[in-house]
Amino acid sequence: VALKDFIGSDKDVPAPDVNTNPQIMAWMVDEFSKIKGYNDLGVFTGKTLELGGSKGRIEATGLGGFFVFEELAKKLSAKGGSASGGKPTQTTVAVQGFGNVGYFISEFLHNAGYRVVAVSDSRGGIYDKRHQGMNPKNLLKQKQDQGFNNGCYCIGSVCDCENYTKISNAKILELPVDVIVPAALESVITEKNAGRIKAKVILEMANGGVTPEADVKLNKKDKIVVPDVLANAGGVTVSYFEWLQNKQNYYWGEKEVNEKLEKIMKDSFNEVWKIKEQYRVDLRVAAFILAVQRIAENMEIRQ
């Protein structure tokens with residue numbers, strides 16, 4: 001009730017985040033509409049398909065991050081050296097967080113040939129000591145059935161407890177892998193543990209996963225931090241698509257949603273990378289420069 005006059009499809013439009021799902025977002029639309037006395041499907045995004053949600057929204061954040069990482073891999077490979085050794089099958093990835101974002105980016109990376117060797121959630125995690133790679137679908141089933149923090153990796157009823165081990169949320173970030181993906185909560189990489197980060201690439205899928213002090217240390221060590229404002233923008237992008245579909249009362253197929261998302265994410269990454277190269281700054285600063293440029297340009301147009 002307190003927010004009813006400050007949100008709406010033509011005002012502020014809240015989107016889903018931690019501990020929400022399409023059903024919860026649908027409930028909020030329903031409650032808002034009851035309070036206001038009229039239906040406003042576009043007041044929230046991330047809804048169920050039955051109540052105006054967009055196809056592709058659930059996996060959008062993870063898919064957007066995957067598109068960005070693929071573009072980064074191309075840039076690094078073209079420079080003659082990369083965190084991935086030049087090929088997906090030579091790239092090892094550790095993912096902290098196995099909720100909506102962490103699961104989907106793990107799945108997209110795995111399907112593309114990257115080796116997901118460690119995953120953790122609030123109950124702990126599992127680490128593949130041989131770096132062979134694990135299928136996120138098997139990990140998700142274990143999580144749904146019993147949790148996967150017992151250090152065993154199961155494919156159906158067959159479990160391997162010898163070549164896998166339990167690992168904490170803190171230690172997963174310090175593994176000797178090519179890429180780490182903070183996909184849970186904010187401020188998990190700080191000034192205290194930044195010096196122990198071994199991965200070449202940090203794909204910041206959580207909001208504020210890397211603190212400013214950690215950023216300084218990581219940049220000094222020539223680590224590549226793909227900032228949250230770029231890496232996890234897929235979710236809010238498809239939220240915009242959902243809002244637009246609600247306003248037009250015309251809905252797109254999943255293929256169309258994903259194609260539009262791919263173009264926006266790849267174009268955005270390449271714009272940020274161009275600024276990074278031009279001004280010799282890190283990707284976070286480059287993203288901020290691009291944002292300020294766009295604001296300044298719009299202010300000039302309005303004047």
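The values are calculated or read from the model by the stated rules, or taken from the named source; none is laboratory data. What you see is a predicted model, and the numbers here were worked out from it, not measured in a lab. Don't worry about glycine lacking a Cβ; one is built from the backbone with ideal geometry, like all the others, and counts go over all protein chains shown. Keep in mind that these areas ignore ligands, DNA and RNA; they rest on the heavy atoms of the full protein, side chains included. Shrake-Rupley method; radii C 1.70, N 1.55, O 1.52, S 1.80 Å.
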What's the FRET efficiency of Val18 with Ala296 using the Cβ-Cβ distance as r and R₀ = 25 Å, to the nearest 0.05?
0.15
Please identify the helices of the chain, taking whole runs of DSSP H, that span at least 24 Å along their own axis as judged from the Cα atoms and have a mean Kyte-Doolittle score of -1.0 or higher.
60-78, 283-302
Surrounding net charge for Ile180, when Lys and Arg each add one and Asp and Glu each subtract one, Cβ distance under 12 Å
+2
Would the chain count as rounded, prolate or oblate if I go by the C-alpha gyration tensor, calling it rounded below 1.5 in a/c and otherwise prolate when a/b exceeds b/c, oblate otherwise?
oblate
GNM result for the chain, Cα springs below 10 Å: residue of Thr89, Thr45, Thr237 fluctuating most strongly:
Thr89
Note on the stretch 135-246: alpha-carbon gyration tensor, axes a ≥ b ≥ c; rule is a/c under 1.5 for rounded, else prolate if a/b larger than b/c, else oblate; result oblate
Positive end of the dipole of the chain, charges at C-beta (+1 Lys, Arg; -1 Asp, Glu), about the Cα centre: which of Ile295, Ala183, Phe44 has its Cα farthest in that direction?
Ala183
Just order 20-29, 58-67 by mean Cβ neighbour count inside 10 Å, highest at the front, would you?
58-67, 20-29
Counting heavy atoms of the protein chains only and a 1.4 Å probe, report the per residue accessible area for the chain as a whole number of Å².
51
Most to least packed among 281-287, 10-16, 207-213, 228-234 [average Cβ atoms within 10 Å]
228-234, 281-287, 207-213, 10-16
Could you tally the net charge around Lys129, taking each other residue with its Cβ under 12 Å from the Cβ of Lys129, Lys/Arg +1 and Asp/Glu -1?
-1
Anisotropy class of the stretch 109-177 from Cα gyration tensor, a/c 1.5 cut:
rounded
What's the carbon and sulfur percent of the chain's accessible surface, probe 1.4 angstrom, rounded to a whole number?
53
Taking every other residue with Cβ under 12 Å from the Cβ of Gly195 and scoring Lys and Arg +1, Asp and Glu -1, one gets +4
